[in-house]
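Here the structure comes first, spelled out in structure tokens, and everything after it is commentary.
The values are calculated or read from the model by the stated rules, or taken from the named source; none is laboratory data. Please read these numbers as outputs of a predicted model, since none were measured by experiment. Every residue, glycine as well, gets a Cβ built from its backbone with ideal geometry; the counts of neighbours run over all protein chains shown.
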Amino acid sequence: MEAETRHGACWRCGREARGALVCPGCDAVQPVPADLDYFAALGLPRRLAVDVADLERRYHQASRVLHPDRFQTASPREQELSLAASALINRARRTLRSPVARGRYWLELHGDRLGEDNKRVPAAIAAEVFETQEKLEELRAGAGGPGEEALRVEAGRMRDQLAAHLASLRDGLGSLYEGVSGGAPDLDELRRRLAEIAYLRTLLGDVDDVIGEGLRGTNHRH
């Protein structure tokens, strides 16, 4: 029978296990602490500059210990704890390996969310956004007409330009993360950059829709 233990102690052996996913004494999987962030879950310092190779190493090490397959014959409680801990480190890896997702998560950790202040087009890309939206309307209006091939070429050129700009902004995030003292950039600056990336992603999706569903889709209908 499991012994009653003090808060922060291992549910199995009673050793101090506060903040750990696995007991350092008996290797029992612990309940996921409510305040455990993704950085701590993978044993990473809480900073935006992340060594992705180190992240992957830590993830695979934790996954080998926590994977539910290791607990198929364990007690129901251990199986449940393994599923919860494994799900946490999967989310942590997926979030922290992406500079964009990592930046969004950083905002959340500091009580902010990009979506709460992301209704207006960022000033730095406003001209590009409006020009692209106007061009998309022209492409949609001309789909199925005699100049469709030229429209297809124009849409492809537009897509390449947006993809290149988006890649440049993503690379800029990495430079921002590496260049800040203490790993904590100005939140307003981070939010601004993430908003620009979000808008360009949306535009890129709109262009893909026009190419895939607008131009080609019109051909299928006629």
query: What is the residue count in segment 23-39 for residues that are among the acidic types (D, E) and either crowded, with 19+ Cβ neighbours inside 10 Å or touching a helix residue (DSSP H, G or I) at 6+ places or on another chain (Cβ under 7 Å) (or both)?
result: 1
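Right, A49: surrounded by 14 or more Cβ atoms within 10 Å (Cβ to Cβ) and in contact with a helix residue (DSSP H, G or I) (Cβ under 7 Å, 6 or more places away or on another chain) or not? Explain how you work it out, then say what you get.
Details: surrounded by 14 or more Cβ atoms within 10 Å (Cβ to Cβ): yes; in contact with a helix residue (DSSP H, G or I) (Cβ under 7 Å, 6 or more places away or on another chain): yes.
Taking the combined requirement at face value, the residue satisfies it.
Look at D54 and say whether it is loosely packed, with under 14 Cβ neighbours inside 10 Å and either assigned by TED's automatic domain parsing to the domain that holds D186 or modelled with pLDDT of 95 or more (or both).
Working: loosely packed, with under 14 Cβ neighbours inside 10 Å: yes; either assigned by TED's automatic domain parsing to the domain that holds D186 or modelled with pLDDT of 95 or more (or both): yes.
Against the criterion (loosely packed, with under 14 Cβ neighbours inside 10 Å and either assigned by TED's automatic domain parsing to the domain that holds D186 or modelled with pLDDT of 95 or more (or both)), D54 qualifies.
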- request: Scan S86, S82, S63 and give me the residue that is in contact with a helix residue (DSSP H, G or I) (Cβ under 9 Å, 6 or more places away or on another chain) and surrounded by fewer than 17 Cβ atoms within 10 Å (Cβ to Cβ).
  value: S63
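Each row is one residue, and each column tells you yes or no for (1) in contact with a helix residue (DSSP H, G or I) (Cβ under 6 Å, 6 or more places away or on another chain); (2) modelled with pLDDT under 90; (3) in a helix (DSSP H, G or I); (4) not hydroxyl-bearing (S, T, Y).
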| residue | (1), (2), (3), (4) |
| --- | --- |
| E128 | no, yes, yes, yes |
| G144 | yes, yes, no, yes |
| E149 | no, yes, yes, yes |
| R152 | yes, yes, yes, yes |
| Y177 | no, no, yes, no |
field: Lone qualifier among A49, A9 - being aliphatic (A, V, I, L, M) and farther than 27 Å from R97 by Cβ
entry: A9
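Taking the options R157, R193, name whichever one is crowded, with 18+ Cβ neighbours inside 10 Å and part of a helix (DSSP H, G or I). Show your work before the answer.
On the way: R157 fails: crowded, with 18+ Cβ neighbours inside 10 Å.
Residue meeting the stated conditions: R193.
Rundown of residues vs (1) among the hydrophobic types (A, V, I, L, M, F, W, C); (2) without any contact (Cβ under 8 Å) to a residue 40 or more places away in the chain; (3) under 30 Å from D51 (Cβ atoms), yes/no style:
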{"position": "A164", "(1), (2), (3)": "yes, yes, yes"}
{"position": "L173", "(1), (2), (3)": "yes, no, yes"}
{"position": "E189", "(1), (2), (3)": "no, yes, yes"}
{"position": "R192", "(1), (2), (3)": "no, no, yes"}
{"position": "L200", "(1), (2), (3)": "yes, no, yes"}
{"position": "L203", "(1), (2), (3)": "yes, no, no"}
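Given the condition in a helix (DSSP H, G or I), over 24 Å from R192 (Cβ atoms) and either free of Cβ contacts under 8 Å to residues at least 12 places away in the same chain or touching a helix residue (DSSP H, G or I) at 6+ places or on another chain (Cβ under 6 Å) (or both), answer yes or no: does some residue in segment 95-114 qualify?
First pass over segment 95-114, keeping only residues in a helix (DSSP H, G or I): 95-96, 99-109, 114.
Remaining after also requiring over 24 Å from R192 (Cβ atoms): none.
For segment 95-114, residues in a helix (DSSP H, G or I), over 24 Å from R192 (Cβ atoms) and either free of Cβ contacts under 8 Å to residues at least 12 places away in the same chain or touching a helix residue (DSSP H, G or I) at 6+ places or on another chain (Cβ under 6 Å) (or both): absent.
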